[in-house]
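Read the structure below first, then the notes.
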Amino acid sequence: MLVIKIKKPSKKVLVVILASLVVLGAGATSYWFLVRDSSSNVPGNGSGEPPVNLEPATEEDQQRADDNKQRIVDQAAQVGNQQGNSSSKKNVAPIITYSGQYGSVVEVGAEVAVFENSGTCIAVFTLGGSKVTRSVQAIQNVNRMSCPVMSVPVSELNPKGEWTVVVSYDSGTTVGASNPSKFRVE
């Protein structure tokens, strides 16, 4: 009869085996997270961003967009009318701090050398007969008003080429328009 004696492993061997298992487990977990994250970089797949709807706009969505565009145009016209009759308002010229194409959007931002409770910034993008308008509420920034980013998808700026943007500012006491800034849409 053959008897095999099995030695009890030393503490060093057990520690090495345990450490190896921990490293392998951590590596497998990391690999799983990397593979899972790379397949979920699409917004809406656990990345914290809302899902992107790639379906064509519904009639309701299109009507909302058209109504919003008309509201913005009406606001811009109202500011234009107020500028013509603004003898009681302080005149101030916003300064465009940046404008240009950044990937698939065009962005513009501005500063206004006045500090007050509220105001509205309106960006009017033009090229020939094409005109696109965006507006945003100004925010207080230390000792002046800032016009946060106003962006337009490049797809709305047709034709491609050198566009001009002017930023207007209007509040109960202040009104004015910036010098034009030019940028190229590719």
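Points worth noting:
- If only residues of the stretch 129-178 that are outside any strand (DSSP E or B) and touching a Phe, Trp or Tyr at 6+ places or on another chain (Cβ under 7 Å) are counted, the one that is farthest from Pro94 (Cα to Cα) is Leu157.
- Residue selected from the stretch 99-117 under the condition outside any strand (DSSP E or B) and polar (S, T, N, Q), by the criterion farthest from Val152 (Cα to Cα): Asn117
- Within the stretch 134-163, being closer than 17 Å to Ser178 by Cα and among the charged types (D, E, K, R) holds for Arg134, Arg144.
- When residues in the stretch 61-103 are screened for being among the β-branched types (Val, Ile, Thr) and at pLDDT below 70, 2 of them pass.
- Considering the stretch 89-115, the residues that are under 21 Å from Glu162 (Cα atoms) and either more than 14 Å from the chain's Cα centre (by Cα) or among the aromatic types (Phe, Trp, Tyr) (or both) include one that is surrounded by the most Cβ atoms within 10 Å (Cβ to Cβ), namely Ala110.
- Residue in the stretch 136-147 that is in contact with a Lys or Arg (Cβ under 9 Å, 6 or more places away or on another chain) and not aliphatic (A, V, I, L, M) present: no
- In the set (1) at pLDDT 70 or above; (2) among the acidic types (Asp, Glu); (3) in a loop (DSSP other than H, G, I, E, B), the condition left unmet by Glu49 is number (1).
The values are calculated or read from the model by the stated rules, or taken from the named source; none is laboratory data. Small disclaimer: the values here were computed from a predicted structure and weren't measured. All Cβ positions, glycine included, derive from the backbone under ideal geometry; neighbour counts span all protein chains shown.
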